[in-house]
Amino acid sequence: ISAPTLFGVADAFIARVPRFELAALKNRVRWNGLDAAVLRSELRPMLSRLVGKPVDGLLGYSFLKHFRMVLDYPNQMLWLSPQRTGWDDRPFEYSQVGVQIERRAGRATIVAVVQGSPADRAGIHPGDAIVALDGAPTAALDIITLSERLEGPPGSSIELSVERNGEAHAYKLQRKWLLTP
């Protein structure tokens, strides 16, 4: 995938971490089956210099979505309270056709295609613009809504209308899990 950083865009891979543990002052937070972005960026050494300690990664949405957070900036404290069991606002986050999209010049543009995904096998490329999903135009959809509509149960189908160099292409693709649990 393509990951925006403070220093521009970096190539990244999504990996499934079997077990994650965060040690705090008196407690530990443990989580199984966490997805994590792995990327090489100048951000790590810069953050390490700023805080005076090694920074090996950043907590992101895939971890934090499981908790209600309270930040106390003046006292440099973070409280995490687990969300109710079974809560997940995007249960099919990694079940889609394998495209990463951004809004560029008003268009839903594919910025990365997952290697070996249905989109990759169909010949969809970065730079292609998604102009319709299941026959509905994408021009008025915000990028989050559009991303959520790409997601769905594995094996379910979706129709993408894509434009490449002024030419229209239609694809009927089946969603699949892109990360193995």
query: What whole-number value in Å² describes the accessible area per residue of the chain for a 1.4 Å probe?
result: 66 Å²
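Give, in nm to one decimal, the length gained when the segment between His125 and Ala105 is fully stretched (0.36 nm per residue of separation minus the Cα-Cα distance).
Stretched out fully, the His125 to Ala105 stretch lengthens by 5.4 nm.
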task: Treat each spin label as a single point 7 Å out from the Cα along the C-beta direction, and report the Leu71 to Ala23 distance in nm.
output: 2.5 nm
query: Where does each of Leu71, Leu80, Leu34 land when they are ordered by accessible area, with a 1.4 Å probe and the largest first?
result: Leu71, Leu80, Leu34
- line: Order by accessible surface, 1.4 Å probe, largest leading, for residues Val55, Val38, Val162 comes to Val38, Val55, Val162
- request: Give the ranking of Thr109, Thr145 by solvent-accessible surface, highest area first, calculated with a 1.4 Å probe.
  value: Thr145, Thr109
message: Need one value: the accessible area of Ile143 in square angstrom, 1.4 angstrom probe, rounded to the nearest 10.
response: 50 Å²
- prompt: Comparing Ser117, Ser95, Ser41, which has the greatest mean-square fluctuation in the GNM of the chain with Cα pairs linked when under 10 Å apart?
  reply: Ser41
- prompt: Given the Cα-Cα distance of Ala140 and Lys53 and 0.36 nm per residue of separation, how much length would full extension add, in nm?
  reply: 26.8 nm
- prompt: With every protein chain left in place, what is the accessible area of Val51 in Å² (1.4 Å probe, nearest 10)?
  reply: 90 Å²
- request: Hey, can you grab everything whose amide H is under 5 Å from the amide H of Val131? Only 5+ residues off in sequence or another chain; H modelled, so Pro and N-termini drop out.
  value: Ser161, Val162, Glu163
- line: Once both label points are put 7 Å beyond Cα along the C-beta direction, the Glu42-Ala168 separation in nm becomes 4.4 nm
field: Accessible surface of the chain [probe 1.4 Å, protein heavy atoms]: carbon and sulfur percent
entry: 54 percent
statement: Binned at 5 Å starting from 0, the alpha-carbon pair-distance distribution of the chain in whole percents comes out as 1, 7, 13, 17, 17, 15, 12, 9, 5, 3, 1, 0
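The values are calculated or read from the model by the stated rules, or taken from the named source; none is laboratory data. Given the structure is predicted, the values throughout are model-derived calculations rather than measurements. Here Cβ is always computed from backbone atoms with ideal geometry, including for glycine, and neighbour counts include all displayed protein chains. Accessible surface areas use protein heavy atoms only, side chains included; no ligands, DNA or RNA. Shrake-Rupley method; radii C 1.70, N 1.55, O 1.52, S 1.80 Å.
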